[in-house]
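S.K.: The structure under discussion is supplied below as structure tokens; questions concerning it will follow.
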Amino acid sequence: MHLKPGDVVMLKSGGHPVTVAEVDEDSVECLWMGDNGDLFRETFPIAVLERMGIDDSDDGEEDEGEDDEDDVDEDDPEEVDAQEDDHENDKVA
């Protein structure tokens with residue numbers, strides 16, 4: 001397994017996801033935050049780690065090309081009316 005600083009891994013036996021800080025020949029130095037906000041740093045043998053599949057799709061930013069035209073604040077009657085006006089010509093006879 002090829003690891004580099006910044007990769008997110010986990011002990012094969014479970015536990016918190018940890019971030020790779022440094023990679024040596026047979027060991028990996030990792031960082032993670034504990035449940036109480038404490039920062040931990042530990043060196044593990046590569047054999048006890050597995051790479052995590054982190055989903056970056058929920059990073060708070062919209063994908064390029066994503067159309068937010070239909071994102072309307074349902075509590076704002078002006079926005080609802082404006083959206084209805086915008087789509088009035090979209091109706092098929």
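The values are calculated or read from the model by the stated rules, or taken from the named source; none is laboratory data. Source: prediction; values computed, not measured. With ideal geometry, Cβ positions are generated from the backbone for all residues, glycine too; neighbour counts draw on all protein chains shown. Protein only, heavy atoms only, side chains kept; ligands, DNA and RNA dropped before computing areas. Shrake-Rupley method; radii C 1.70, N 1.55, O 1.52, S 1.80 Å.
S.K.: Work out how much length K4 to R41 would gain on full extension: take 0.36 nm times their residue separation and subtract the Cα-Cα distance, in nm to one decimal.
M.R.: Stretched out fully, the K4 to R41 stretch lengthens by 11.7 nm.
S.K.: Work through the residues other than L11 whose Cβ is under 11 Å from its Cβ and net out their charges, Lys, Arg +1 and Asp, Glu -1.
M.R.: -1
S.K.: Solvent-accessible area of T19, probe 1.4 Å, all protein chains present, reported in Å² to the nearest ten, please.
M.R.: Counting only protein heavy atoms, the figure is 60 Å².
S.K.: May I pose another question? Using amide H atoms built 1.01 Å from N in the peptide plane, name the residues 5+ places from D7, or on other chains, whose amide H lies under 5 Å from its own.
M.R.: V20
S.K.: Let me ask something else. Largest first, what is the accessible-area ranking of E29, E42 with a 1.4 Å probe?
M.R.: These residues rank, largest area first, as E42, E29.
S.K.: So what's the net charge close to T43: Lys and Arg +1, Asp and Glu -1, counting the other residues with Cβ under 9 Å from its Cβ?
M.R.: Value of the local net charge: -3.
S.K.: Using 0.36 nm per residue of separation minus the Cα-Cα distance, give me the extension gain between V48 and D26 in nm, one decimal.
M.R.: 6.9 nm
S.K.: Taking all protein chains together and a probe of 1.4 Å, list D7, D24, D35 from the most accessible to the least accessible.
M.R.: Descending accessible area places them as D35, D24, D7.
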